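Notes follow the structure.
A short reminder: the numbers here are calculations on the coordinates, not readings from a lab. Note that the structure is predicted; figures quoted are calculated from it, not measured. Cβ coordinates were reconstructed from backbone atoms using ideal geometry, including for glycine residues, and neighbour counts include every protein chain displayed.
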């Protein structure tokens, strides 16, 4: 069959958490699915565990230039591969809390159009598919937690739910290189390993890698397929955007521009707006004693004084890893000595929503996409994150650790959310409660761009759960053949 005439029930664009979850569910239901991924399958030759290649050279990262709101160029830390950014995440898989589905006007946070109860069964299913489990705190971290609790009663510590195989403890190199690295032995629960590998062998599933979707095709009232960078076109009854909060709005902006529907599409003016990514700051704390733990990333710190914030421990830190964050002039013996005494923490605060924080497909010169995001537009978030940092640094100082923190800049897009808001009112949102774009009945969004809130923890588990829910909703409400295929 000629590629120009290939037709599918559903085309899914992007293979990260949302795209993989949607593909998994539709494939198991018997739908004829085409999954298109811009990146390649990652190699299994241990190169994805190589500190120099991954962190120093950024060999596996996106290299596309963007501009910020002032016209300065930068490169977002995006990853394109089968499995998307889940190949590189730290595997902390947490649910959003029930109250984080409600609006918080004092913190400039919108509410979700659904409740926690609507997501709960999909959270449970995602946790089962991803084999989420907890790991005991290792000796050095356990000792530090006891000391912090003894002097700082306001800090509550729990065990992180992790998407890691228990076998990882048998492979020291993998145990030391999962946080920010891609597993070569499939010991991390990611979108490819935990979802796509279960369905890619099915005759009704086709996965195409190293192919970029550059446009959606269709009419003013219906998307009919996609156009790719090599000239190929594919058609489908339903198209699902799952390219991430930076790229899904760009594709929708192009579609709106090409079809001239901006004047009547309900949420057209909101496409790309309300970008969120958390306020994140890595913190390094140095102790007199050596840190001999291996896994390390097992603890979650919460404090009622900072209801929109959380702190996680980070994975392994050695001299080679630390050197990538320090000036090249620092001698290796110094970085190795510092790393041997280091504890790493990841401080996160939910950022509020501001319409001026947005993604645009092209800059005024038409050459580069734009990410216009300014934390100064979010004073409540800035204040809480600043106080969180000061408070936790003080808590560490009380137990004898010297800590330093540095905010993640604009390029840190690991937790990108919110550019195609979900809502019940078409005048104030882009997609509905099922993930359908208002006014376009067969175009859906399965990634974190729909999230009105990003909560205070990593969004990955919520993206998986949303993708599973979206697929169920799609099969129930589609006006074409999907209901029949899904029964």
Using only Cα atoms and rounding to the nearest 10 degrees, what angle (0 to 90) does helix 17-28 make with the longest principal axis of the chain? 50 degrees
Would you mind getting me the FRET efficiency between residue 7 and residue 304? Use the beta-carbon distance for r and R0 = 41 Å, nearest 0.05. 0.15
So what's the angle, to the nearest 10 degrees on a 0 to 90 scale, between helix 116-129 and the longest Cα principal axis of the chain? 80 degrees
Between the Cα axis of helix 139-151 and the main Cα principal axis of the chain, the angle (0 to 90°, nearest 10) is 80 degrees
At 0.36 nm per residue, minus the direct Cα-Cα distance, what do residue 106 and residue 150 gain on full extension? Give it in nm, one decimal, please. 12.6 nm
Length gain on complete extension for the stretch residue 46 to residue 128, per 0.36 nm per residue less the alpha carbon to alpha carbon distance? 26.8 nm
Relative to the present Cα-Cα distance, how much length would full extension add between residue 209 and residue 356 at 0.36 nm per residue of separation? 49.5 nm
Would you compute, from DSSP H runs of 4+ residues alone, the mean residue ellipticity of the chain at 222 nm, taking -39500 (n - 2.57) per run and dividing by the full residue count, rounded to the nearest 500? -7000 deg cm²/dmol
